[in-house]
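The structure under discussion appears below in the form of structure tokens.
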Amino acid sequence: MFVRSTGKESRAEHPTPWAPVNVKSDKQNAWTMLLDSYICRSHIHGLYLLFLPSMRRRMRVLWSLALICACTVLFHVSYLLGERYHSKQFQTIVANAHAPINHIAFPVVIICNKNRLNWSRLPEIKSLYNITPPQEELFDRILTAYDGLSFHNFNVFDSLVGESLDELNHLNFTQIVIEMSWRCDEILQDCHWQKAPRDCCKLFRPRRLPLGYCLAFNELERRRGMETGINSGLLLRLLQRQTHHAPGNPGLKGFWVGISSFFVKKGAGLEFGLFCQLTVVESSVWFGFPIEVVPHIRTNVAVTAVYHYYDESTLSTPSSWRHCVMDYEEESEHFFTLEGQKYMLENCQAECQQRYLLRYCNCSVDLFYPPSDYPACRLKDLPCLASHNHLLQNFEQPGEHPYVHREESGLVCECLYNCKSLSLLTDMRKSVLQPWLRSNSSAIESMWLNVFFKKPSMLVYKTNLIYTWVDLIVSFGGICQLCLGCSIISLIEFIFFALYKVPQFYWKRLLNE
């Protein structure tokens, strides 16, 4: 028997059971090398300990729990940071406590006689419009009503309710009222601008308002007030002309004075409130609530300015969230303004007024507003305005019914402020002129108005987001460093390893098999 040949056969068959063990070891070594290639460059603290070959199972479990706790803290704090970012909270700070006053134009001064019409031109108007003697009584009553007309005072047309108005309905009473309104040389005198005498008719121009047809200073020119102090701005004398007032209008005599302003660079302004109750409005406004100037009084109005704007970081939020509207946000649900006018709170309210007039009487009083596509009220529409006067007295905020008691509903106008606004705060002083010491009749019927800047500087407030996307990134980076000690590059390396290197490793192994 040949023993060597048998031994050879045994040695040839003996290595076969060890082949799978070598393959498994090679695969494990390849996987270990792949992990080592990532772990040696990894900046995520503790991650390499999970895959360290020499790490015992118990320590691996402990490190896994530690990483799970760290990731839990990371995700929770990241969620809180996201909630804080999406809450879009605002803060208002003082951006400049001494901004130069010459950044704003001098206030726009609007003057309206309480008696809107110069009654001495009535005979000329009757002749021009061919008013017959039977029509004169009705014609006089209509113009007497217009003499005291304002938006909240449509009850002056109560006397026309039930009257036959067909014979005069063809007349354009808006044009008649404009022709009979006071001219600058009739009620303005001794005008001074920046201490220099000026022609009043070169300073003032006619303007429509919800108070009627008035005179406005510095509306288009936007002159700047370079000086401050008393008599450094606009000084003029107002003439009452009581002998030329409508005899059928026994109301109080005097003037309404409205003041607004333009911001030269960014825009915004304010108007004064009735009886010195100030009401903040924006620049380029169509109307506001004026102050009363009574005879025999010198009124000094010292103006100081406060500018407030929302910075660029807030403009990414909806207008309903920041409670203001930019004049270019035409797609905003709160964007309503007069035709041809920029967006302002008062322009939005004026447009709302027109829409309510259109709802109640299917027309708008074109004497109060700039030209638009709304149909103008004719003479036959005036009794309708009088019957709805009680519904046009007040602006009403949406949702105020549970807190504010009103006998009649008001105008519900969802209007917001412009995001760039200039408030003019006033310090008003009045002194008696003692007319009994004067012999000149024009001086006895007159009153002085003096408007000037009080200080050479103004406050500037800025509203911005408390937490921006930059703060979000910085905070997220800080919490990643605190919990895992990693950066964005570390996360990119991990994602690259998990989504590219590992699939590549298994794909090559599959091809080899």
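Residues that are over 30 Å from ALA70 (Cα atoms), modelled with pLDDT of 80 or more and charged (D, E, K, R): does segment 387-399 have at least one?
yes
Taking the residues in segment 373-394 that are in a loop (DSSP other than H, G, I, E, B) and touching a helix residue (DSSP H, G or I) at 6+ places or on another chain (Cβ under 7 Å) as candidates, determine which candidate is surrounded by the fewest Cβ atoms within 10 Å (Cβ to Cβ).
HIS388
Which condition number does LEU168 fail, the rest of (1) open to solvent by less than 70 Å² (accessible area, probe 1.4 Å); (2) under 22 Å from GLY254 (Cα atoms) being met?
Checking LEU168 against (1) open to solvent by less than 70 Å² (accessible area, probe 1.4 Å); (2) under 22 Å from GLY254 (Cα atoms), the one that fails is (2).
Among what's in segment 353-397 and is touching a residue at least 24 places away in the same chain (Cβ under 8 Å) and among the acidic types (Asp, Glu), pick the residue that is farthest from CYS214 (Cα to Cα).
Per the stated criteria, the residue is ASP373.
Among the helices (runs of 4 or more DSSP H) lying completely within segment 41-131, list those that include at least 1 residues that are within 30 Å of PRO318 (Cα to Cα) and open to solvent by 80 Å² or more (accessible area, probe 1.4 Å).
Output list reads 57-87.
Return the total of residues in segment 332-363 being over 27 Å from TYR309 (Cβ atoms), surrounded by fewer than 17 Cβ atoms within 10 Å (Cβ to Cβ) and not aliphatic (A, V, I, L, M).
So the answer is 4.
Which condition breaks for TYR360 when tested against (1) under 28 Å from the mean Cα position of the chain (by Cα); (2) assigned to a helix (DSSP H, G or I); (3) not hydrophobic (A, V, I, L, M, F, W, C)?
Here TYR360 clears every test but (1).
If you scan segment 398-430, which residues turn out to be open to solvent by 20 Å² or more (accessible area, probe 1.4 Å), in contact with a Leu (Cβ under 9 Å, 6 or more places away or on another chain), in contact (Cβ under 8 Å) with a residue 40 or more places away in the chain and over 20 Å from VAL451 (Cβ atoms)?
CYS415, LEU416, TYR417 - these are the residues of segment 398-430 that are open to solvent by 20 Å² or more (accessible area, probe 1.4 Å), in contact with a Leu (Cβ under 9 Å, 6 or more places away or on another chain), in contact (Cβ under 8 Å) with a residue 40 or more places away in the chain and over 20 Å from VAL451 (Cβ atoms).
Limited to segment 465-501, what total is found for residues that are of a type in the set (D, E, K, R) and either within 43 Å of the chain's Cα centre (by Cα) or at pLDDT 90 or above (or both)?
Count: 1.
Would you tally the residues in segment 191-231 being buried (at least 19 other Cβ atoms within 10 Å of the Cβ) and among the polar types (S, T, N, Q)?
The qualifying residues number 1.
The values are calculated or read from the model by the stated rules, or taken from the named source; none is laboratory data. If you're wondering where the values come from, they're calculated on a predicted model, not measured in any experiment. Cβ sites come from the backbone with ideal geometry, for glycine too, and all protein chains shown count toward neighbours. For accessibility, only protein heavy atoms count, side chains too; no ligands or nucleic acids. Shrake-Rupley method; radii C 1.70, N 1.55, O 1.52, S 1.80 Å.
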